[in-house]
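The values are calculated or read from the model by the stated rules, or taken from the named source; none is laboratory data. The model shown is predicted, which means the values in this text are computed figures rather than measured ones. Please note: Cβ atoms are built from the backbone with ideal geometry, for glycine as well, and neighbour counts cover all protein chains shown. Note: accessible area is taken over every heavy atom of the protein model, side chains too, but ligands, DNA and RNA are not part of it. Shrake-Rupley method; radii C 1.70, N 1.55, O 1.52, S 1.80 Å.
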Amino acid sequence: METLDDLRIGPSDTVVISAAAGGVGSIEAQVAKYRGARVIGTCGERNFDYLRQLGITPVKYDEGMAERIRRAAGGPITGYIDNFGKDGREVAEALDVPPERYRSSADRRQIELRLLRDDAESVSHATQVLQRVVDLAGAGAFRLLVSGLYPIEDIVDAFDDLAKLHARGKIVLATRPVTRARTLRAREVFERMP
């Protein structure tokens with residue numbers, strides 16, 4: 001939410017959000033759309049239908065992405081949020097996004113670290129941010145997709161899943177799961193297909 005606030009994303013914007021099918025990107029994309037912005041999300045082709053269901057215009061990430069984004073936008077791109085952390089700045093520059101309307105994954109990391117501080121001001125701020133997230137969820141601004149639920153004992157498996165950089169939605173650790181039964185994830189089915 002803070003990145004969207006910082007960029008003042010609203011109805012007059014066309015914003016690109018990279019890794020838009022991931023946990024952070026999908027929430028940012030949905031909230032930006034809720035605010036009235038036109039949202040273009042970069043992702044792999046297997047996530048196109050997911051983003052379309054959210055009302056986000058999907059664009060495949062890889063070589064030539066800037067031109068595909070430009071065609072999808074059909075006009076000026078006013079903001080770029082890079083959750084992928086690879087070539088976002090170069091793509092934003094190629095799309096003529098004003099530098100002050102670009103945010104990197106490193107910028108987001110600083111926001112996240114600030115939310116973890118334990119001084120009174122930071123705790124108060126983090127509490128306000130959490131309340132805004134709860135309010136937005138209650139208003140239907142976004143839906144949270146859980147792509148993997150792991151018992152805390154399987155934290156290594158959860159991080160292995162996260163390290164693949166292909167999780168759709170969030171990966172959750174559970175301290176007291178209802179069941180220890182493992183379920184096959186849609187991504188695992190997709191990856192096993194010939």
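The modelled label-to-label distance for the pair Leu113/Lys60, using points 7 Å beyond Cα in the direction of Cβ, is 3.7 nm. Placing a pseudo-label 7 Å from each Cα along the Cα-to-Cβ vector at Ala94 and Ala126 gives an inter-label distance of 3.8 nm. The overall shape of the chain, judged from the alpha-carbon gyration tensor, is oblate: a/c is not under 1.5, and a/b is no greater than b/c.
Per residue, the chain reaches -13000 deg cm²/dmol at 222 nm when only DSSP H runs of four or more residues are counted, each adding -39500 (n - 2.57). Probing with 1.4 Å while keeping every protein chain in the model, the per residue accessible area of the chain equals 58 Å².
Mean separation of Cα pairs under 8 Å and 6+ residues apart, divided by the residue count of the chain: what relative contact order is that in percent? Relative contact order here is 20 percent. Judged by the mean number of other Cβ atoms found within 10 Å, the most tightly packed of the peptides 48-58, 122-132 leads the ranking 48-58, 122-132. Distance in nm between label sites at Thr175 and Phe159, each 7 Å beyond Cα in the beta-carbon direction? For the pair Thr175/Phe159, the computed spacing is 2.0 nm. Within straight-line reach of Lys33, meaning a Cα separation under 21 Å, sit the following lysines at least 8 residues removed in sequence or on another chain: Lys60, Lys170.
Distances between placed amide hydrogens fall under 5 Å for Ala174 paired with Tyr150, Ile152, all partners being 5 or more residues away or on another chain.
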